[in-house]
1. Just the projected area, averaged over all directions, of the convex hull on the alpha carbon atoms of the range A:270-386: how many nm²?
2. Taking a ≥ b ≥ c as the square roots of the Cα gyration tensor eigenvalues, with a/c under 1.5 meaning rounded and otherwise prolate when a/b beats b/c, else oblate, which class fits the range B:4-136?
3. Would you mind calculating the gained length between residue B:332 and residue B:317 on full extension (0.36 nm times residue separation, minus the Cα-Cα distance), in nm to one decimal?
4. Exposure proxy check: A:273, B:356 ranked by fewest other beta carbons within 10 Å?
5. Shape call for the range B:207-331 from the C-alpha gyration tensor, a ≥ b ≥ c root eigenvalues: rounded (a/c under 1.5), prolate (a/b greater than b/c) or oblate?
6. Ranked from highest to lowest mean number of other Cβ atoms within 10 Å per residue, what is the order of the peptides B:189-196, B:333-340?
7. Classify the range A:169-235 from the C-alpha gyration tensor, please: rounded if a/c falls under 1.5, else prolate or oblate depending on whether a/b exceeds b/c.
8. Fewest to most neighbouring Cβ within 10 Å: what's the order for B:92, B:293, B:63?
Protein chains: 2
Amino acid sequence: MKTYFYQKLSNLEKQNLLKRPTIEVEKFSVIVKPILLDIKQNGLSAALKYAKQFDGFIGNEMRVTQQEFEEAEKKLDSKIKKAIITAAENIRKFHSKQIPRSYEIETMEGIKCSREFRAIENVGLYIPGGSAVLPSTMLMLGIPAQLAGCKRVVVCSPGKKGKLNFPLLFAARLCGIDEFYKIGGAQAIGLMAYGDINISKVDKIFGPGNQFVTTAKLIVSVDFDGSVIDMPAGPSEVLVIADENTNPEFAAADLLSQAEHGADSQVVLISTSENLINQINKAINAQLEDLPRKEIAKKALEKSFALIVENIDDAICFSNSYAPEHLILNINNAESYKSKIINAGSVFVGQYSPESVGDYASGTNHSLPTYGYAKTYGGVSVDTFMKSMTFQKLSKAGLKNISGTVETLAEVEELIAHKNAVRIRTAE
Amino acid sequence: MKTYFYQKLSNLEKQNLLKRPTIEVEKFSVIVKPILLDIKQNGLSAALKYAKQFDGFIGNEMRVTQQEFEEAEKKLDSKIKKAIITAAENIRKFHSKQIPRSYEIETMEGIKCSREFRAIENVGLYIPGGSAVLPSTMLMLGIPAQLAGCKRVVVCSPGKKGKLNFPLLFAARLCGIDEFYKIGGAQAIGLMAYGDINISKVDKIFGPGNQFVTTAKLIVSVDFDGSVIDMPAGPSEVLVIADENTNPEFAAADLLSQAEHGADSQVVLISTSENLINQINKAINAQLEDLPRKEIAKKALEKSFALIVENIDDAICFSNSYAPEHLILNINNAESYKSKIINAGSVFVGQYSPESVGDYASGTNHSLPTYGYAKTYGGVSVDTFMKSMTFQKLSKAGLKNISGTVETLAEVEELIAHKNAVRIRTAE
């Protein structure tokens, strides 16, 4: 890892360290746009064509059958089943507190205003399936959708030669999923966004994916005939803050668990101790040797960097500017710094809180904002599957109380019909 | 207004009535994209060039001075001042209940998970100024930003020949605004999204606007160097549901107050009574005569329609599919239907609740989802200016409690470094 002294950096150098690798949306758009257009015009048959071409899909029946769900439940190893159930329970416990509260207040006598929440009726979840099976992502999207009360939840995931694996199907059933299509990539996003005669479109699409999926989600999100999306996405990231007391083996393991995600993973280490950074580098090299995804992790580490700071406040200042998806506070009195964290997706507090617990089972969501979007987005939550509405009910007296205000403002804005709508009701 | 019998419509005809007029994003993109690119590369000087070209801006000082704020406060008519203050008070009262709540729970022994909220630090508000002055929009965006605690709130609005009017400046001051630029259109969006050496970019852009502004917002929202936006937007809309007892003059006034917004306004009337629809049409024609914005309203009404339904449930079913920005329930026992409303921006309950009270002063927000986006978005609220973060803190015992689950799932997903990060901490 390249190492910098924070104090010695110019402002421009600091700015450059905050930057993520460019995402080549334009380049991928060239491939993805025609696929989406084809599906918009020709529906399922077009989607099937691309599934055969890109995912090696076989046959014409894309939807998972009851029999497949049952087979998964029957044949799945009981240890894996138990792990999925435990993770699901923690995720459910944590997310069940997120259902937003309605309220009603009287802003003036006779003017009752309220805010209520409703589930988004029609949602689509994308579960990637390229390099590995991701039952955890199924739980992270399926459980909040279920808690929100979404009426229809569609899932798409690429089946290898038309087959989905048991852990994923088992996790889907735990989330009450019934409508599951074996399709991935841009074609899955197109199918969910535009639908078909027999598969109606969804209103909002959730879930991570490769650059084809990410580009497709961006395109449909700005098409008025498309669907809105959970959030824009880039490669996964971790920022680890460590001090003199940090166990270098722990920090190394955390940096590697991010690095193994993909060659484009972003890994940042900040410490008050140059000596510790050296120890962590040594530990990384040692631990790296036994990893099956060693080559991927190595590539990610080549682009990563370490930063030496004078104190933890400087580290947090940099982190807030970077806005990491995952932030690990492996420092003394970690909890006392919580209130200073402004921009981060999910924060791991103290030495016994590795990122992998949040990826799977602590209860928090792992669908998190990357690429600096933690400045404006939170992770997926129950409220990401809901939206608010407001109501107002005025009595005749209430309308009279506010009529002068409304009429004056309508005049200022030169909207006289707005004024009339009040006057005609209060003039009697 | 063209009138249809709901029961006689085919499914395809019903679908067509739900459609909004096409928004020509592609057409506007051709003009807007080069402007945005120029500003991205050349900052303020490019923005100034377009402000001069399109808004008739004069000079080089775009930022509102303290003197201008003070002059507005001194010279503004006291009646208008009072109306703005009353509206602001109601908006503040209603929105102050929206600050989302943090929580912490122990999902398993030794695993403490929490969710906290932070204000988005850097936000930009766009206040249109083309056809009329909009102090109300200033309040609707500025007050929730202030309640959320955003550190920096930038406002842009086109000044006519470099002048902003007193009500707008007065309203801005009420919201604690200090950084206000006299610039409108796509160039304002570009300036906020990309910034300049002396004006740093914002993270999220809020506010309505014409098709140039809307297109610019969409473009910057999918540019990784740009800003995220509050919501996609189309023309303003109202759907009025009326029954046999509805006062036709009230309903006519409400339909007209939407129609006068713009020639592209969407106006829909649904009633159980054909007779009432006829009376409302007559009332519209009579009231229309005295409106200053008569020609605009007429154009909007030409495209609007009425629907005759058998019962109120059918009306609500259609409304939920249409997902109107504004929904007026001018019917008997209106309140009893609240729970059936699934998709709408803001709902006006009962005969004394015209849309114009919500536009200005009831307390609810008037920045609302249009074009069917009420299916997935709520109106602007305090939480639109905030985002969530999650935290987890595990004790060593807590990590041991969950280690088996995490290790098993990491194996299923073939992420062995994820497993190691747990094992290395629990093996000691």
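All of the numbers you see were taken from the coordinates with simple rules; none came from a lab. Source: prediction; values computed, not measured. Ideal geometry is used to build each Cβ from the backbone, glycine not excepted, and the neighbour counts take in all protein chains shown.
1. For the range A:270-386, averaging the hull's shadow over all directions gives 8.5 nm².
2. On the way: a/c = 1.43, a/b = 1.11, b/c = 1.30.
Rounded shape, in that the Cα axes give a/c under 1.5.
3. Roughly 3.7 nm would be gained on extension.
4. On the way: A:273 17, B:356 29.
So the ranking, lowest neighbour count to highest, is A:273, B:356.
5. Cα axes put the range B:207-331 in the oblate bin.
6. In descending order of packing, they fall as B:189-196, B:333-340.
7. On the way: a/c = 1.87, a/b = 1.25, b/c = 1.50.
Note, shape of the range A:169-235 comes out oblate.
8. B:63, B:92, B:293
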